[in-house]
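For reference, the structure discussed in these notes is given below.
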Amino acid sequence: MTTCTSRAAWLNLLRRLHFYIGLFIGPFIFVAALTGTLYVATPQLESWLYQDALRGTLSGEKQPLSAQITVATEAIQGNLRLHAVRPGILAGDTTRVMFIDPSLGESETRAIFVDPVTLRVKGDLPVYGTSGILPLRQWIDYAHRSLLLGSVGRLYSELAASWMWVAALGGIALWSMTRPRRRINNKMQNSRRLHVSLGWALLVGMLIFSATGLTWSQWAGGNVDKMRAAFGWLTPQVNTQLQSAVPAVHDPHAEHHMGSRMMGEAAASPLRVEEFDKVLLAARAAGLDAGKLEIRPPSGSGRAWTVNEIDRSWPTQVDAVAIEGSTMRIVDRTHFSDFPLMAKLTRWGVDFHMGILFGLVNQLLLIAFGTALCVMIVVGYRLWWIRRPARAAFNPANTLIQAWFGLAWPTRLLTAVIALLLGVALPLMGGSLALCLAVDYLRWRAATAMLEAKPVE
């Protein structure tokens, strides 16, 4: 089989691969970008919609935390286990007292919102995870992560994250090999320039969102966790075991689903709500001065209380302490400043992905990014429609297999090895590529047979 020049062969391969990613993966990336944009655009709407629950009395003396918890417990008739408390520290904030409700989903808790000044119950709502988002954004978050289809739906977002960085880098490489020497003004070239310009402008963002999205993914995320564990990049967590001989357990997903921990664990000894006041004072004395804190009671006998800073806006405040309940002694602590560099980058990357790291600026940047990404995908489809060849299905040159055959054999081997390694690291990428190649091979066989059977004129 004859081969074309090395540059032409690579160009054919990149063109076909970029086309397939855009055609088949583009819709998934589009939906992820659209729902993600809605998620980061709605914090203010959420604050307005649930303002009755979120807003407390601006002035006046705050009642003890124990009194607030007692009011919340009475509101639910005391039949649910207390999971955590987020005190209303800043003026005008309500206190969240969160209970484990078996009727709710994973990482969801039932939150009773209490005015810390008047002790009035202001709201009763489900909240989700460490971020504490309320029903509106929780629904958008589920749509973004899983299309509201549960664990099966999560495959869509993982597929988008697995291929987006390939599409971005491949598109840039393709442009560098095919950019025209002079400016041409026509329908196709104008659309191509817009597509390329948006690709360059969004390149860094696509790489960041692809990487951070994979940390949340179902299959690739497990491989990411193994890599982080191997290199010591896991997020440090306080050791709640009061016996020092027992090592702390590190949660590889601590930075984005801490809310699901301990939900299935056995309850500790009956709590005395007065201890929450003492634990809060001990945490403050230990240097936890963030405006957002979460207090969790012991998960069982022989366990310590935990107090976590949960202010993930810049500068990040996520220090934590473990407190022995009988003596109020600090038995373990973590400082964000002592986190490994990769753990810090993961923390910042996830918070930037969620639009909370830099506040309103972060939101506006992600809204612009998501909107531009949707436009770029639509323009890409327009380019395909303009340039679509007649009877392409019957031309073997319009297949990925033919493009791969055009490479020299050492390069074929190299690309095959790279594809195999990526397929192992990113299982959905590997599975989707295998399926694509199977269909492409059948198209190549059919087109080749038709070409060979065509009579010579």
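Bear in mind these aren't lab numbers, they're just calculated from the coordinates by the rules spelled out. Predicted model, so just to flag it, every value in this text is computed and none were measured. Neighbour counts are summed over all protein chains in view; Cβ atoms, including those assigned to glycine, are modelled from backbone coordinates with ideal geometry.
When the alpha carbon gyration tensor of region 57-142 is reduced to an equivalent ellipsoid, its three semi-axes come out at 22, 15, 9 angstrom, largest first. Charged neighbours of ILE76, selected by a Cβ distance under 9 Å, balance to -2 (K, R count +1; D, E count -1). Fully extending the segment from SER301 to TRP314, taken as 0.36 nm per residue of separation minus the present Cα-Cα distance, adds 1.0 nm. Over 28 Å apart at the Cα level, from the set LYS226/LYS278; LYS122/LYS292; LYS226/LYS344; LYS122/LYS278, are LYS226/LYS278. The listed peptides 358-370, 203-215, ordered by packing as a protection proxy, come out as 203-215, 358-370 (highest mean of other Cβ atoms within 10 Å first). Our coupling estimate for region 317-332, obtained by passing each phi through the Karplus curve with A = 6.51, B = -1.76, C = 1.60 and θ = phi - 60°, is 10, 9, 5, 8, 9, 10, 10, 6, x, 6, 10, 6, 8, 6, 9, 6 Hz, Gly and Pro reported as x. Less than 5 angstrom separates the built amide H of LYS122 from those of PHE113, VAL114, ASP115, all sequence-distant by 5 or more or on a different chain. As a rough footprinting exposure proxy, the listed residues TYR142, TYR128 were ranked by other beta carbons within 10 Å of their own, and the order from fewest upward is TYR142, TYR128.
If the segment from LEU414 to SER151 were pulled out straight at 0.36 nm per residue, it would be longer than the present Cα-Cα gap by 91.2 nm. In the chain, the C-alpha radius of gyration followed by the widest Cα-Cα span (Dmax) gives 27.0, 96 angstrom. Only helices reaching 20 angstrom along their own axis (Cα) with mean Kyte-Doolittle hydropathy no lower than -1.0 count here, and for the DSSP H runs of the chain these are 6-20, 26-41, 154-178, 187-216, 359-387, 409-425, 427-453.
Approximating the spin labels as points 7 Å out from Cα along Cα→Cβ, the GLU274-to-PHE358 distance works out to 5.0 nm. 3J(HN,Hα) along region 234-242: 5, 6, x, 9, 5, 8, 8, 6, 6 Hz, from the Karplus curve 6.51 cos²θ - 1.76 cosθ + 1.60 with θ = phi - 60°, whole Hz, x for Gly and Pro. For region 1-62 versus region 316-343, the spacing of their alpha-carbon centroids is 33 Å. Per-residue packing, averaged as other Cβ atoms within 10 Å, sorts the ranges 64-70, 331-337 into the order 64-70, 331-337, beginning with the highest. In this rough spin-label picture, where each label sits 7 Å from Cα along the Cβ direction, the ASP124-GLU452 distance is 7.4 nm. Residues in region 55-61 carry Karplus couplings, in order, of 9, x, 6, 6, 10, x, 7 Hz; the curve used is 6.51 cos²θ - 1.76 cosθ + 1.60 with θ = phi - 60°, and Gly or Pro positions show x.
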